[in-house]
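Please read the structure below before turning to the comments.
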Amino acid sequence: MDEPWFGMLTAPRWFFALMMSVLTFVAASAADEQKWVPLFNGKDLSGWTIKIANRPLGENFADTFRVEDGIIKVSYDGYGKFDKHFGHLFTNLAYSHYILRLEYRFTGTMMADAPHYVNLNSGVMLHAQSPQSMRFDQGFPSSLELQFLAGEGKGPRATGNLCTPGTHVDMGGKLITQHIVTSSAPTFPADEWVRAEAEVRGNDEIIHRINGVEVLRYQRPRLDPTCKISPASDLVDAGGNRLLGFGHIALQAEGQPVWFRKIELLSLEQ
């Protein structure tokens, strides 16, 4: 066979193979995106339960959690005083192996009588106890908090930290009992939307990512029955497992207005 005829025969095969590769990649990417499930419908708080300290379960005191323009907004314009009304918005379902992603943005100013540390401070709680199991006056659920912070103009203030109300973790094979573990994330201004992600693998490991970059990882989360802030002893006394392999996801309201959007979950269950 001569060269021109051979070239005409093989060129379409190469082109076909290339197109098949591209189509396979696009189909795989589309299938992966379809696995992400929105936890927030953008319209209301269906699928979520509110628990605010010193208020009945399910009461949205002073319209603390509201939905506007496809955003969950934590607001305090209906408050006279904060008066230790720490609140959380819990998913109705508990989860074990998953990746959670969301975006947050701070707005406004903290309540004047709230603790000083809540300034430009919020977070999402992982492996949280159920809102039904919390005490009436309990401020924080036993959980692992992916903490959100913004700069105060006083130097570095990393976001994506770990806070441990009622819990302990391991890092590098060592037990960590301190309440706050600082991440390697940079400092962000308050009015900037920041993308946060948590890869949660049951009791094995949890990874924090900020804007797609890993900033912290830890292992073997467990309840701390000696904690007074979030009395995990209640859960242990009720027969709960000290090793935390699952729990609810909860958005925090602790005296600082903050917005949340694009809250999605990718299941890693086998």
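The values are calculated or read from the model by the stated rules, or taken from the named source; none is laboratory data. Remember, predicted model here, so these are calculated numbers, not experimental data. With ideal geometry, Cβ positions are generated from the backbone for all residues, glycine too; neighbour counts draw on all protein chains shown.
At-a-glance table
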| item | result |
| --- | --- |
| Qualifying residue in the range 176-189 (condition: surrounded by 15 or more Cβ atoms within 10 Å (Cβ to Cβ), part of a loop (DSSP other than H, G, I, E, B) and in contact (Cβ under 8 Å) with a residue 60 or more places away in the chain) | no |
| Residues of the range 134-158 classified as in a strand (DSSP E or B) and either at positive phi or in contact with a Lys or Arg (Cβ under 6 Å, 6 or more places away or on another chain) (or both), total | 1 |
| Qualifying residue in the range 119-133 (condition: closer than 24 Å to D77 by Cβ and part of a loop (DSSP other than H, G, I, E, B)) | yes |
| Residues located in the range 226-244, provided they are at pLDDT 90 or above, in contact with a helix residue (DSSP H, G or I) (Cβ under 8 Å, 6 or more places away or on another chain) and surrounded by fewer than 16 Cβ atoms within 10 Å (Cβ to Cβ) | T226, R242 |
| Those residues of the range 122-139 which are out of contact with any helix residue (DSSP H, G or I) (no Cβ under 8 Å at 6 or more places or on another chain) and either over 20 Å from R222 (Cβ atoms) or crowded, with 24+ Cβ neighbours inside 10 Å (or both), in sequence order | S122, G123, V124, M125, L126, H127, A128, P131, Q132, F136, D137, G139 |
| Any hit, the range 260-269, residues being surrounded by fewer than 22 Cβ atoms within 10 Å (Cβ to Cβ), acidic (D, E) and assigned to a loop (DSSP other than H, G, I, E, B) | yes |
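One line per residue, one yes/no per condition, for (1) part of a loop (DSSP other than H, G, I, E, B); (2) loosely packed, with under 15 Cβ neighbours inside 10 Å:
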site: F40; (1), (2): yes, no
site: K43; (1), (2): yes, yes
site: I50; (1), (2): no, no
site: L93; (1), (2): no, yes
site: I99; (1), (2): no, no
site: Y117; (1), (2): no, yes
